[in-house]
There are 2 protein chains.
Amino acid sequence: MVINEEARKIIHGKNFAFIATVNADGSPQVTPVWIDEEDGYLLVNTVIGRVKEVNTRRDPRVSIAIADHRNFYRYLYVKGQVIERITGDRAEEHIDKLSIKYTGDKFRWRRPGDRRVVLKIKPVEMKLSG
Amino acid sequence: MVINEEARKIIHGKNFAFIATVNADGSPQVTPVWIDEEDGYLLVNTVIGRVKEVNTRRDPRVSIAIADHRNFYRYLYVKGQVIERITGDRAEEHIDKLSIKYTGDKFRWRRPGDRRVVLKIKPVEMKLSG
């Protein structure tokens, strides 16, 4: 799916994404995350074992709303599927990249035992609202 | 469920809520909404026929993340159930109340044929993060 220039601006701006997944009992779950994009795929970096990570192992379908922080009435809606999970050094380097985008500094909140994973999300539907 | 003072501040601040529901095919859906609270229930005002409204008629379970606009790393997570749907004049008055909270003015975006509904949500779990 081609991501157009307007959508790209929202994704690459310092905007938070709210990612929804489905719990084991079929109820919905939503959390704010940092968001990145490479080659038309959305990238979310999380810790192995977190609810959204466990949920997407069972059901890879996600929905993401990314609100433009300069105008909250404008947001990008993305429906997608987690098609790959990247762990190890690449995931650790990626959280630094994201942290620099959002905070200006490398990631400083590592906790002992945390193993990071990048959820690589293929967009299947995308809509800019507002 | 008692909503504590910290949670109440986030709900009653000019903070956007991201509400997740589940689609007919079991995939998750998420949209930004204005949020209100009365007597321990969360209130979301939408239009009859919108995806989230239709979804909650089929499955009343929702999840809501409300990010503090002054500090996005702080957010209130709420799991809840739509236990009542309020339509008619009360829903029309309520959208004005919400609009005044968020924009300072009465609601100006009514479209012909729109019938509004307040989703009254009973929180079953609530957590303040960040």
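Readers should treat all values here as calculations from the given coordinates under stated rules, not as data from a laboratory. Since the model is a prediction, treat every value here as computed from it, not as a measurement. Methodologically, a virtual Cβ is constructed for each residue, glycine included, from the backbone with ideal geometry; neighbour enumeration extends over all protein chains shown.
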- Taking the label point 7 Å from Cα in the Cβ direction, how far apart in nm is B:Lys14 from each other copy of itself, listed shortest first? 1.9
- Task: May I ask for the net charge around A:Leu128, where only other residues with Cβ less than 15 Å from the Cβ of A:Leu128 are counted and Lys, Arg are +1 while Asp, Glu are -1?
- Result: +1
- Here the correct list, in nm and shortest first, of distances from A:Thr103 to the same site in the other copies, label points 7 Å along Cα→Cβ, is 3.6
- Would you compute the Debye intensity of segment B:54-121 from its alpha-carbon atoms alone, equal scatterers and no solvent, and pass along log10 I(q)/I(0) at q = 0.24 Å⁻¹ to two decimals? -1.11
- Query: Can you work out ³J(HN,Hα) from phi for every residue in segment B:68-74, in order, using Karplus 6.51 cos²θ - 1.76 cosθ + 1.60 and θ = phi - 60°, giving whole Hz and x for Gly and Pro?
  - Reply: 5, 5, 8, 7, 5, 7, 10
- Message: How big is segment A:5-125 along each principal axis, measuring the range of its Cα positions in Å and listing the largest first?
- Response: 37, 37, 23
- Could you work out the relative contact order of chain A, using alpha carbon pairs under 8 angstrom and six or more residues apart, expressed as a whole percent? 29
- Taking the Cα centre of segment A:5-125 as the origin, how large is its charge dipole in debye, to the nearest 20, when only Lys and Arg (+1) and Asp and Glu (-1) carry charge on their Cβ atoms? 300
- By the scheme Lys and Arg +1, Asp and Glu -1, what is the net charge of all other residues having a beta-carbon under 13 Å from that of B:Val47? +4
- Check the straight Cα-Cα distances from B:Lys120 and name the lysines below 22 Å, setting aside those fewer than 8 residues away within the same chain. B:Lys9, B:Lys14, B:Lys52, B:Lys79, B:Lys97, B:Lys101, B:Lys106
- Message: Using helices alone, I'd like the mean residue ellipticity at 222 nm for chain A: each DSSP H run of four-plus residues gives -39500 (n - 2.57), total over residue count, nearest 500.
- Response: -7000 deg cm²/dmol
- Per residue Cα convex hull volume in Å³ - calculated over the protein assembly as shown: 137
- Message: How shielded is A:23-35 by partner chains, expressed as the average number of their Cβ atoms within 10 Å of its Cβ atoms?
- Response: 6
- Message: Suppose the chain between B:Asp114 and B:Asn4 were pulled fully straight at 0.36 nm per residue; how much longer would it get relative to their current alpha carbon spacing?
- Response: 36.1 nm
- Query: What is the local net charge at A:Gly113, summed over the other residues whose Cβ is closer than 15 Å to its Cβ (Lys, Arg +1; Asp, Glu -1)?
  - Reply: +2
- Message: For B:Asp114, place a label point 7 Å from Cα along the Cα-to-Cβ direction in every copy; what are the distances to the other copies, in nm, shortest first?
- Response: 4.1
- Of B:Thr56, B:Val30, B:Ala91, which is farthest along the charge dipole of segment B:18-130 in the positive direction, counting Lys and Arg as +1 and Asp and Glu as -1 at C-beta? B:Val30
